[in-house]
Amino acid sequence: MSLTSASLVIFCKRPTLGQGKQRLAQEIGAEHALLIAEALLACAIEDAYQWPGSVFIACSEHRDLIWAQSLMANADIIAQLPIGLSGNLGQRLNFVDNKLRHMGHQQLVFIGTDAPMLTLEHYQATIASLNHHDMVFSHADDGGVTILANNVPWPLLDSLPWSSEKLSEAISQLCQAQQRNIDYILPSYDIDHLEDLIKLVVDLPTDRRPARQALLNIIYQFNLLTE
């Protein structure tokens, strides 16, 4: 990637047995889902090491901040909400967005830890589009988004239909209603179901990034596609 003033923000939840990837866990079992979640997190961190600007890891729980620091020594670790408060993903995005802007970061690129098919091309396209648009998204196959990037503060996001097939359309409509200039770059997909792992078996073999190959090996090793 070329030099950029954009900061990468990884929203993450510590993978633990019975927490996170619950839809996938129902299909392949909790133990296998945990292994997949850990491998997906490694893919996001792999991308962060290649990011040319600042990197923030936004951790879902205050008790996991020290754990998050162990993921990447040169990343800054922040919490998604003030201690003692709870909120949905929209409220968490608003909180982190406001906090980083008060710290002087203006171009922000938000990703989660469940979209291993994001590539250098996606990130470069996002950075290029941020030079001309207020907000940039990568549409996910399931109707969500895999990248949310912005030059200006997000509108209030708490009422959006998070974790639904209507999210991408809803966030687009909300931003346009706020007179924001938006753009969609290359689409991608995230990993929520067994069928998404099947897509990875088709798409990942030619991806030579080590964490992606490790993810693919886990799928093969545990015969997840035949569970």
Can you tell me how many residues in region 63-95 are farther than 29 Å from Leu197 by Cβ and in contact with a strand residue (DSSP E or B) (Cβ under 9 Å, 6 or more places away or on another chain)?
9
Could you tell me whether any residue of region 7-20 is over 24 Å from Ile83 (Cβ atoms) and of a type outside the set (A, V, I, L, M)?
no
Output the residues belonging to region 159-176 that are in contact (Cβ under 8 Å) with a residue 12 or more places away in the chain and part of a helix (DSSP H, G or I).
Leu167, Ser168, Glu169, Ile171, Ser172, Leu174, Cys175
Top-ranked residue of region 1-21 - restricted to ones that are out of contact with any strand residue (DSSP E or B) (no Cβ under 8 Å at 6 or more places or on another chain) and assigned to a strand (DSSP E or B), ranked as modelled with the lowest pLDDT
Gln19
Sole miss for Ile219 among (1) assigned to a helix (DSSP H, G or I); (2) modelled with pLDDT of 95 or more; (3) among the aliphatic types (A, V, I, L, M) is condition (2)
Quick one: His122 ticks every box in (1) within 21 Å of Leu41 (Cα to Cα); (2) touching a helix residue (DSSP H, G or I) at 6+ places or on another chain (Cβ under 9 Å); (3) surrounded by 15 or more Cβ atoms within 10 Å (Cβ to Cβ); (4) touching a residue at least 60 places away in the same chain (Cβ under 8 Å) except a single one, so which number is it?
(2)
For Lys13, state whether it is among the basic types (Lys, Arg), over 13 Å from the mean Cα position of the chain (by Cα) and either closer than 21 Å to Arg92 by Cβ or surrounded by fewer than 18 Cβ atoms within 10 Å (Cβ to Cβ) (or both).
no
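Look at Ser168 and say whether it is loosely packed, with under 13 Cβ neighbours inside 10 Å and either over 23 Å from Gln106 (Cβ atoms) or touching a Phe, Trp or Tyr at 6+ places or on another chain (Cβ under 7 Å) (or both). If you could, list the steps in order and put the result at the bottom.
Numbers: loosely packed, with under 13 Cβ neighbours inside 10 Å: no; either over 23 Å from Gln106 (Cβ atoms) or touching a Phe, Trp or Tyr at 6+ places or on another chain (Cβ under 7 Å) (or both): yes.
For Ser168, the condition - loosely packed, with under 13 Cβ neighbours inside 10 Å and either over 23 Å from Gln106 (Cβ atoms) or touching a Phe, Trp or Tyr at 6+ places or on another chain (Cβ under 7 Å) (or both) - is not met.
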If I go through region 191-203 residue by residue, how many of them are at pLDDT below 95 and not in a helix (DSSP H, G or I)?
2
Could you count how many residues in region 69-97 are in contact with a helix residue (DSSP H, G or I) (Cβ under 8 Å, 6 or more places away or on another chain) and either in contact (Cβ under 8 Å) with a residue 24 or more places away in the chain or part of a helix (DSSP H, G or I) (or both)?
5
Got a number for residues in region 38-60 being closer than 14 Å to Thr113 by Cβ and part of a loop (DSSP other than H, G, I, E, B)?
1
Would you please name the residue that is surrounded by the fewest Cβ atoms within 10 Å (Cβ to Cβ), looking only at residues in region 64-103 that are among the polar types (S, T, N, Q) and either at pLDDT 95 or above or closer than 20 Å to Val152 by Cα (or both)?
Ser70
Please count how many residues of region 22-49 are surrounded by fewer than 15 Cβ atoms within 10 Å (Cβ to Cβ) and modelled with pLDDT of 95 or more.
1
Near pairs, Cβ below 7 angstrom, 6+ apart or cross-chain, from region 136-149 (free of Cβ contacts under 8 Å to residues at least 40 places away in the same chain and surrounded by fewer than 21 Cβ atoms within 10 Å (Cβ to Cβ)) to any residue that is assigned to a loop (DSSP other than H, G, I, E, B) and of a type in the set (D, E, K, R):
Gly143/Glu165; Gly143/Lys166
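The values are calculated or read from the model by the stated rules, or taken from the named source; none is laboratory data. Predicted model, so just to flag it, every value in this text is computed and none were measured. Don't worry about glycine lacking a Cβ; one is built from the backbone with ideal geometry, like all the others, and counts go over all protein chains shown.
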